[in-house]
Amino acid sequence: MAGSPRRAGGRRLLLPLLCLFFQGATAILFAVFVRYNHETDAALWHWGNHSNAANEFYFRYPSFQDVHVMVFVGFGFLMAFLQRYGFSSVGFTFFLAAFALQWSTLIQGFLHAFHGGHIHVGVESMINADFCAGAVLISFGAILGKTGPAQLLLMALLEVVLFGVNEFVLLSLLGVRDAGGSMTIHTFGAYFGLVLSRVLYRPRLEKSKHRQGSVYHSDLFAMIGTIFLWIFWPSFNSAPTMLGDGQHRTALNTYYSLTASTLSTFALSALVSSDGRLDMVHIQNAALAGGVVVGTSSEMMLTPFGALAAGFLAGTVSTLGYKFFTPILESKFKVQDTCGVHNLHGMPGILGALLGVLVAGLATHEAYGDGLENVFPLIAEGQRSATSQAMHQLFGLFVTLMFASVGGGLGGLLLKLPCLDYPSDSQCYEDQVYWEVPGEHEDTAQEPLKMEEPDTQA
Amino acid sequence: MAGSPRRAGGRRLLLPLLCLFFQGATAILFAVFVRYNHETDAALWHWGNHSNAANEFYFRYPSFQDVHVMVFVGFGFLMAFLQRYGFSSVGFTFFLAAFALQWSTLIQGFLHAFHGGHIHVGVESMINADFCAGAVLISFGAILGKTGPAQLLLMALLEVVLFGVNEFVLLSLLGVRDAGGSMTIHTFGAYFGLVLSRVLYRPRLEKSKHRQGSVYHSDLFAMIGTIFLWIFWPSFNSAPTMLGDGQHRTALNTYYSLTASTLSTFALSALVSSDGRLDMVHIQNAALAGGVVVGTSSEMMLTPFGALAAGFLAGTVSTLGYKFFTPILESKFKVQDTCGVHNLHGMPGILGALLGVLVAGLATHEAYGDGLENVFPLIAEGQRSATSQAMHQLFGLFVTLMFASVGGGLGGLLLKLPCLDYPSDSQCYEDQVYWEVPGEHEDTAQEPLKMEEPDTQA
Amino acid sequence: MAGSPRRAGGRRLLLPLLCLFFQGATAILFAVFVRYNHETDAALWHWGNHSNAANEFYFRYPSFQDVHVMVFVGFGFLMAFLQRYGFSSVGFTFFLAAFALQWSTLIQGFLHAFHGGHIHVGVESMINADFCAGAVLISFGAILGKTGPAQLLLMALLEVVLFGVNEFVLLSLLGVRDAGGSMTIHTFGAYFGLVLSRVLYRPRLEKSKHRQGSVYHSDLFAMIGTIFLWIFWPSFNSAPTMLGDGQHRTALNTYYSLTASTLSTFALSALVSSDGRLDMVHIQNAALAGGVVVGTSSEMMLTPFGALAAGFLAGTVSTLGYKFFTPILESKFKVQDTCGVHNLHGMPGILGALLGVLVAGLATHEAYGDGLENVFPLIAEGQRSATSQAMHQLFGLFVTLMFASVGGGLGGLLLKLPCLDYPSDSQCYEDQVYWEVPGEHEDTAQEPLKMEEPDTQA
């Protein structure tokens, strides 16, 4: 990365200035475009003669809150496994997601809920914005510890737009079904982050190797993230599906899939270890793959057995990925994937998309009855055969991979702008670079880290 | 504080005796006065021919549970940032809130739900009691680390009564709207605690200065509190509002406001720092100010832009308060505010009340339609103009400040009763004074703390 | 325990093989037997002309999610109090519960929801499976730190079956009411675990005594578990009760009971201490006894006062149990109860069953009105008197104790199978035996633990 050495303090002004500028811009856009929808507006709601019980709030808000916990507690603490990067993991998750919520309310609003010159918001826009924030955080996982907050903010700025466009192409143009986002969230977020990490490849990252592991208590903090993600994943997948049997079935399928991915992760983690001991990295991550893999198909008639089988497969692939593929990804493909998002979101996301192809292709009027209208409206209306729906699903996966890859590449170039501050190779995975860290902490840091100038990130 | 030296052991008997006495007293009062309401009583519910789906439980219980998480996990862990006071922060929160729930069920019941000689309870009384417990915990934040549990219990005893009376004056007598409690909870709780802390001023508190900071992992525990408070604040503000569009709009406004306060906190924290680094104290606290500031107005037609602007302002004021005002508060006003409740609840609470004045004053029949009846019944019924409502809102703020200040002063005198045990100036912020602490912990405490007699707290 | 010394590595293969075998077996059973019920199946739901709002999902899913948090976060972190056993506490909870959910879906399905050759699943089977997992985790608490994961898996295999049979005998054959499971979950889980722990008695467990305590931060992790259990217990007891007033009243009673057990625990903990200081073990556990003690009676017309009195009694008995009875249990009865499940689940469970006897015996048509049909259908239909119902409740307790004791004994024999791996007496309460533990952690473990052969567990 070019650029003559400058005072870190000078560069550091960029973060607050970007924050203030973006906040000002979104506020103006909100003022011009964003309005309460007919379920949140006092006059509109009471104009129709609605029963309060019919307000969408009561059908989706509990699920929304579960998703909200996943985004902020789940992702934040899951990434807090690093011994010296807990403040950044939890704090930047908080920061990035807060920005993404506002920004994606606008982007998704323009694309999905723009009527009469206004974006109309309610609980569904809250859920959709949280989903988009989830994708941003998945990408964050790939570059965790190697980027500064101003870089992350720009990444989110770009990614939210591309997420919205990709989602629009899939759901609105192609008629793809992807309630829990195997494609739109997990595959997109993972490959966006992985390509971005490739562009930011650091050949001398081993200078920070000693900080790349966990300590005992940081692994327990990470388990807070894991467990909350695991618990609430049924709500994640079911939050945006059709009411009634749709939400109910989606939650049930996800619940089964997760139990199976947990068992297969424990089994495989012990199997691939030299002495039969379990690896916390596997448990913290691969056990969640069961939620990812049924993101597309859990609203469909997957059957409880199908959910178990899918979860089992995802846990297995994910654990094997951590053990065997992550090292290759770095050595051969020059992708440094801090959290292993390729194993947790990338491969299980693709598997989930393919499972969606399969289950959509098997859809029949017998299996879905009058519920076919809800799950596959285009098949129910006779516009498509099940096979055609399956082909569209498959095409959606390719579109997603393309958007994610090109977007991640663009993102990488954006993050290499010379004005942006980032940690040097020997300062990666270290909170002190961006946070005032209490000196009396237990672990390392006898000598305070010198604030050197960034070196590589070429 | 007067009183001849006594054996700590003797004084320590007071806590269990007070507990047992208060529990006995509330139990007797429950036996005499508290009854199931028509939604929780088997006979009453089935006497009317209700659909089970119409039971208030299904409209408010999920929000109640979110509030419950905020009170016990949110406040408890938020205060666990101190390096040696985690047991007390989480434990005394648990203890105080459990007592406050019982006691405020009675006090609020007598004031709001007393019919035919009985208090009738259901999910709404659970929410209201949790709100009152929230105010008590805000006050606790101001004196954290400097008081004993028996003192805290007496504080709660007094504060719950005054909270109930203030709330009654505002909501029932003045017709003030304050769903999320910018006034009744945040302003009241903060100034009650601050005045109380002023009365208990310790000139030699620097003896415990070395324990007043955080350690690495205690800051992460505090972030658990922050994040759960942040996530569930939309439920806090919307829990008691009118059903339908009311709850929906309140949650949405709070959600937007919090995203803005988070961005402004990150921006300001970096701006006011000498080297551009972020301060955990700001992130843990000021990012939440967006929830406080829309406590009054989030049920109104604040507009999404209004929510963003309010949140941005609150995060800014709160961060600046931590940086510049807290030191002055101690040096000039002799108020030692451990958690900075003035910045998180005091100033944002007042701002929230003023915002409520503004938004109420702007209320029109056009903007609210038939929903005006729900938000401003007195305006809808023609008993008041919008301007008059605004004036009542403003008067409500003054009443609250008066109740809080006088109450905090009384509370301070009560806590100085000579029979009460409290930590000496050199024992503040230290769990060992009131807890059996495992000796093998990581940080300090090579030599166990001697249980000296209390010294100042004049 | 017999058996010639073998390579630990060889024995360690058993865990993954058992996992894979059990997962395969449950998957096949799911394929053959498990089907969506009429509320989760697309065709069945839409065949009837249901309003989506009538789907059971909306009445029970929020409560289910709260229960889910309790099982995975609550139990997992509550047991993480041990200084070197956090990975195992949280991890094995995760593992055991995931298996128990699948397995008990089958067992409970065969016993309760088997129609036309199929088990029909939906949100109620999810709740019931979580309840069964709760019982397994209670038993796990008694033997925490002294068993290997393969042993635990076999324990769950057996316990889930016996849990299902006991529950079937009580609820279906005897017509016993036990919504929150004072008997079926707490009493059963506790005595199953205690008898099992008796069979696995280790006379030389003092070799691991130095690891049996907590450290400062492990106690805070445990408080995460405590607080989430405490908060969501009202949802636990009310999750399976009748809709409407049933769920509402159950949640309310549990909420009151828990506040009282918290106050009595704080009072008693200070009282029984030599110097008036509080003991974290009491606060973490006994404060929860109020949830256990109203498990049976909280759906009944217990009255708010009754809830307070029951909670107070339970907190008192539980705290005294930790102080005085746990040592006797080990020295006299040779039961090593790691988490004190006898105090938290055993005695309060029995008290809860007896309270259920009392409250059922006092049931009148006046008190319950037309709601009697929901709470005591057999009394409402005239098949039983209240006294007869009370006698059946009492008999249910004896049946539960019998099933638990015999089951625990069988379980102990099963876990002593020579092929099973377990930690030696000097390796108990130590994560390194089963987990790859980061070397740089803060506390002990300068020298890595040698993987010795198991010694006693005779």
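The values are calculated or read from the model by the stated rules, or taken from the named source; none is laboratory data. Predicted model, so just to flag it, every value in this text is computed and none were measured. FYI the Cβ positions are ideal-geometry reconstructions off the backbone, even for glycines, and counts take in every protein chain you see.
Things worth noting here:
- Selection status of C:Pro348, at pLDDT below 95 and in a helix (DSSP H, G or I): no
- Qualifying residue in segment B:183-197 (condition: over 27 Å from B:Phe81 (Cα atoms) and part of a helix (DSSP H, G or I)): no
- Checklist (1) within 27 Å of B:Val123 (Cβ to Cβ); (2) away from every other protein chain (no Cβ under 14 Å) applied to C:His365, failing item: (2)
- Within segment C:274-293, considering residues that are facing chain B (nearest Cβ under 7 Å) and in a loop (DSSP other than H, G, I, E, B), the one nearest to B:Tyr434 (Cα to Cα): C:Arg277
- Yes/no for A:Gly356 being over 18 Å from A:Leu302 (Cα atoms), in contact with a helix residue (DSSP H, G or I) (Cβ under 6 Å, 6 or more places away or on another chain), assigned to a helix (DSSP H, G or I) and away from chain C (no Cβ under 13 Å): no
- Meets criteria (outside any loop (DSSP other than H, G, I, E, B) and of a type in the set (D, E, K, R)) for C:Lys334: no
- A:Ala150 meets all of the listed conditions (1) under 30 Å from A:Glu299 (Cα atoms); (2) surrounded by 24 or more Cβ atoms within 10 Å (Cβ to Cβ) but one, namely (1).
- The residue that is surrounded by the fewest Cβ atoms within 10 Å (Cβ to Cβ), counting only those in segment C:294-310 that are more than 8 Å from chain B (Cβ to nearest Cβ) and of a type in the set (Ser, Thr, Tyr), is C:Ser297.
- Those residues of segment B:326-355 which are under 30 Å from B:Ala179 (Cβ atoms) and of a type in the set (A, V, I, L, M, F, W, C), in sequence order: B:Leu329, B:Val335, B:Cys339, B:Val341, B:Leu344, B:Met347, B:Ile350, B:Leu351, B:Ala353, B:Leu354, B:Leu355
- Answer from B:Thr326, B:Thr259, B:Thr241 - the residue that is touching a helix residue (DSSP H, G or I) at 6+ places or on another chain (Cβ under 7 Å), not small (Gly, Ala, Ser) and not in a helix (DSSP H, G or I): B:Thr241
- Only listed residue being assigned to a helix (DSSP H, G or I) and buried (at least 23 other Cβ atoms within 10 Å of the Cβ), chosen from C:Ala390, C:Ala404: C:Ala404
- Which listed residue is more than 16 Å from the chain's Cα centre (by Cα) and within 20 Å of B:Lys146 (Cα to Cα), from B:Ser63, B:Ser51, B:Ser88, B:Ser125: B:Ser88
- Scanning segment A:172-188 turns up one or more residues that are surrounded by fewer than 21 Cβ atoms within 10 Å (Cβ to Cβ), more than 30 Å from C:His120 (Cα to Cα) and without any contact (Cβ under 8 Å) to a residue 24 or more places away in the chain.
- Test: C:Leu313 is at the interface with another protein chain (Cβ under 9 Å from one of its Cβ atoms) and either hydrophobic (A, V, I, L, M, F, W, C) or not in a loop (DSSP other than H, G, I, E, B) (or both): no
- Scanning segment B:103-126 for residues that are in contact with a Lys or Arg (Cβ under 8 Å, 6 or more places away or on another chain) and assigned to a strand (DSSP E or B) returns B:His118, B:Ile119, B:His120, B:Val121.
- Applying the criterion of being without any contact (Cβ under 8 Å) to a residue 12 or more places away in the chain and within 29 Å of C:Gly315 (Cβ to Cβ) to the residues of segment C:327-386, the residue that is surrounded by the most Cβ atoms within 10 Å (Cβ to Cβ) is C:Glu330.
- When residues in segment C:109-148 are screened for being within 11 Å of chain A (Cβ to nearest Cβ) and closer than 29 Å to C:Pro418 by Cα, 2 of them pass.
- If you go through segment C:228-272 and keep only what is more than 28 Å from B:Val121 (Cβ to Cβ) and at the interface with chain B (Cβ under 7 Å from one of its Cβ atoms), you end up with C:Ala270, C:Leu271.
- Subset of segment B:369-380 (residues that are within 30 Å of the chain's Cα centre (by Cα) and not β-branched (Val, Ile, Thr)): B:Gly371, B:Leu372, B:Glu373, B:Asn374, B:Phe376, B:Pro377, B:Leu378
- Within segment A:20-58, the residues that satisfy the criterion of being more than 7 Å from chain B (Cβ to nearest Cβ), within 26 Å of B:Gly315 (Cβ to Cβ) and either loosely packed, with under 15 Cβ neighbours inside 10 Å or free of Cβ contacts under 8 Å to residues at least 60 places away in the same chain (or both) are A:Phe21, A:Gly24, A:Ala25, A:Ile28, A:Val32.
- Of the residues screened, A:Gly412 is not one that is buried (at least 23 other Cβ atoms within 10 Å of the Cβ), at negative phi and modelled with pLDDT of 95 or more.
- Cβ-Cβ under 8 Å pairs, at least 6 apart or on other chains, segment C:220-248 side closer than 17 Å to B:Thr93 by Cα, far side polar (S, T, N, Q) and assigned to a helix (DSSP H, G or I): C:Ala222/C:Gln284; C:Met223/C:Gln284; C:Gly225/C:Gln284; C:Thr226/C:Gln284; C:Thr226/C:Asn285; C:Trp230/C:Thr262; C:Ile231/B:Gln65; C:Phe232/B:Gln65
- Qualifying residue in segment B:102-116 (condition: farther than 20 Å from B:Val67 by Cα and buried (at least 24 other Cβ atoms within 10 Å of the Cβ)): no
- Checking each residue in segment B:98-108 for being touching a residue at least 60 places away in the same chain (Cβ under 8 Å) and at the interface with chain C (Cβ under 10 Å from one of its Cβ atoms) picks out B:Phe99, B:Ala100, B:Gln102, B:Trp103, B:Thr105.
- Residue check, A:Thr319 part of a helix (DSSP H, G or I), polar (S, T, N, Q) and either in contact with a Leu (Cβ under 9 Å, 6 or more places away or on another chain) or away from every other protein chain (no Cβ under 14 Å) (or both): yes
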